[in-house]
Structures are given as C-alpha cells and as structure tokens.
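The values are calculated or read from the model by the stated rules, or taken from the named source; none is laboratory data. Because the structure is a prediction, the values reported are computed rather than measured. When we count neighbours, we look across all protein chains shown, and the Cβ atoms used for this are built from the backbone with ideal geometry, even at glycine.
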Amino acid sequence: MVEMLDVKELAQRLNVPRSQVYRLAELGKLPVVRVGKYLRFPWPEILRHLSGGVFGEEDDGSSAAEMA
C-alpha cells in the first residue's frame with residue numbers, strides 16, 4: 001500500500017507552508033490524487049520528484065560553479 005499524505009502532512013514533511021503545497025499541486029509540479037474535494041499525495045512519488053530536482057524545476061544549463 002502506498003503511503004498517501006494530505007496537504008498538512010506533506011507541508012510538515014517538506015517544511016513548507018500549506019499554501020505552497022497547494023500552489024505546486026496546481027502548477028502540476030507535485031504528483032497528486034484527488035479524492036472527492038480532497039488532495040492526497042503519494043509519498044514515494046514525492047520522494048522521487050525530490051531526488052530528481054526541486055519539484056521539477058527546469059534546468060537552464062547553468063551550474064552553481066558557473067554562478068560563483
């Protein structure tokens with residue numbers, strides 16, 4: 001069974017405001033499942049998104065070393 005989190009639980013785990021979780025879900029940057037009027041987030045998929053980059057931000061080709 002996949003662990004599903006609600007908005008409050010995900011915000012706590014990511015240490016961000018709930019409004020940011022809603023915004024990222026609305027922009028399609030977080031995997032989300034609608035259950036009626038509620039949002040649920042599959043935790044394993046969230047972890048995969050995090051390991052692949054910060055919520056799928058596009059790479060502009062620059063690196064931290066180039067910016068320094």
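In region 35-49, the residues that are of a type in the set (S, T, Y) never reach a residue that is surrounded by fewer than 17 Cβ atoms within 10 Å (Cβ to Cβ) with C-beta atoms less than 6 angstrom apart, at least six apart or across chains. For region 6-32, a residue qualifies if it is exposed (fewer than 13 other Cβ atoms within 10 Å of the Cβ) and outside any helix (DSSP H, G or I), and the qualifying residues are N15, P17, L27, G28.
For region 1-12, the set of residues classified as out of contact with any helix residue (DSSP H, G or I) (no Cβ under 8 Å at 6 or more places or on another chain) and modelled with pLDDT under 95 consists of M1 only.
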